[in-house]
């Protein structure tokens, strides 16, 4: 019990803080949610950058479109103006190109607002465009051409720079998009790999632990009482494993207690049987002792009366005393054979010798004074592996039940027959009586614990139940056949060993 108590104490030892399956699922959900939030924040940040780039590109596109539109109109106007100046007209007039410049004027305010650095150039162009009072038309047109050419040069510079910025911004936008795509793909694959692997490992381990618990439960039911199941979890499954270990430990302890209780009960019943036979044994021993005492006293009286006893008388007296002492020695030896402590472990037994010893001993019981025991033994039986005390107790219980069944039988001579046979590799030991017999209702319950048909004080209902338990422990079987008014036969089937032993 020390080992069991230590194991039980280790099972009941405090464990780490438990994290239930629900808590683990909640932690996994929170982890996944945090990961998604981080990824979402990154996506939002990158989306903001992309929107910034897109807005800048839109702005550059608008600026470039404005520059192109103004520069195209200005170039066309300058070409017309130069053509006008190169014409044969003595005095070209501003009205001749006013329509060409009309499409240019509405865009100049927007251009100055967009490009304030060239506002002065635009302003000079606008002043020449409006012209000074009293100025000659040719001089005005020449000044307009010169300021227009300067304006066109500035526009080309701005257009070139804007286009360069647009190209550079487009490349940066593409780089950011590619980087964002790569990072998002890696984050998705990494999250899938991490959380997928974690989920697979969790459920694989959970499945394995549940199968181990299931297998250990089945093993405990089948009688396993070895090393406790290793508890590597601290959740509901771990608690289940600890309960399984506790059940195994408690079953082991109870089985040991039951074994000890059975041994004590067997010892008490054995001693009670020996005590009940003590009077009969004393009577059997007392008869030869009285005979020896009488012969010895007769011899002493003859010697003291100076009567000479002849040698034949003395020899007869001595032989009589020797026979009586041999009778006493036989009785003592039979008692010693039955009551001597035997090994508690299974061993090879000669079933016939055990039957003869037990039957010789049980004859001293007063219930068998008028009941003959008739052995019918097969003298070519192999050995049986069993606990000697257990088979002795089984046979004694069956013989005593047979004697009790014939106490009130009238009209026929009571008789008990004990037979051994070998059938298909199985050793059969049967005890038959011609007593009262049993009906079908009683036969259905005879092997149940605490069931008895004997009066109060003469039976506790554990005899046949204990016989069944002891026989089944060694892989045997016990059956009962009975007929009301005809008698009962109890047949015990035992597995045999190949090695045979000579019967006594």
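The values are calculated or read from the model by the stated rules, or taken from the named source; none is laboratory data. Not measured: the values here are computed from a predicted model. No Cβ is skipped: glycine too gets one built from the backbone with ideal geometry, and neighbour counts run over all protein chains shown.
Residues in region 363-390 that are touching a strand residue (DSSP E or B) at 6+ places or on another chain (Cβ under 7 Å) and in a helix (DSSP H, G or I): 388 alone. Flag: residue 418 does not match the condition of being modelled with pLDDT of 80 or more, under 41 Å from the mean Cα position of the chain (by Cα), surrounded by 14 or more Cβ atoms within 10 Å (Cβ to Cβ) and not in a loop (DSSP other than H, G, I, E, B).
Answer yes if at least one residue in region 170-183 is closer than 20 Å to residue 79 by Cβ and in contact (Cβ under 8 Å) with a residue 24 or more places away in the chain, and no otherwise. No, because not a single residue in region 170-183 is closer than 20 Å to residue 79 by Cβ and in contact (Cβ under 8 Å) with a residue 24 or more places away in the chain. Quick check on residue 229: is it at pLDDT 80 or above, surrounded by 14 or more Cβ atoms within 10 Å (Cβ to Cβ) and not in a helix (DSSP H, G or I)? The answer is yes for residue 229.
Residues checked against (1) more than 30 Å from residue 469 (Cβ to Cβ); (2) surrounded by fewer than 16 Cβ atoms within 10 Å (Cβ to Cβ); (3) outside the structural domain of residue 56 (by TED's automatic domain parsing); (4) out of contact with any helix residue (DSSP H, G or I) (no Cβ under 8 Å at 6 or more places or on another chain):
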residue	(1), (2), (3), (4)
169	yes, no, no, no
186	yes, yes, no, yes
199	yes, yes, no, no
223	no, yes, yes, yes
233	yes, no, yes, no
248	no, no, yes, no
254	no, yes, yes, yes
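Within region 464-475, residues that are at positive phi reach partners that are at pLDDT 80 or above and surrounded by fewer than 21 Cβ atoms within 10 Å (Cβ to Cβ) with beta carbons closer than 6 Å, at six or more positions or on different chains, in the pairs 475/495.
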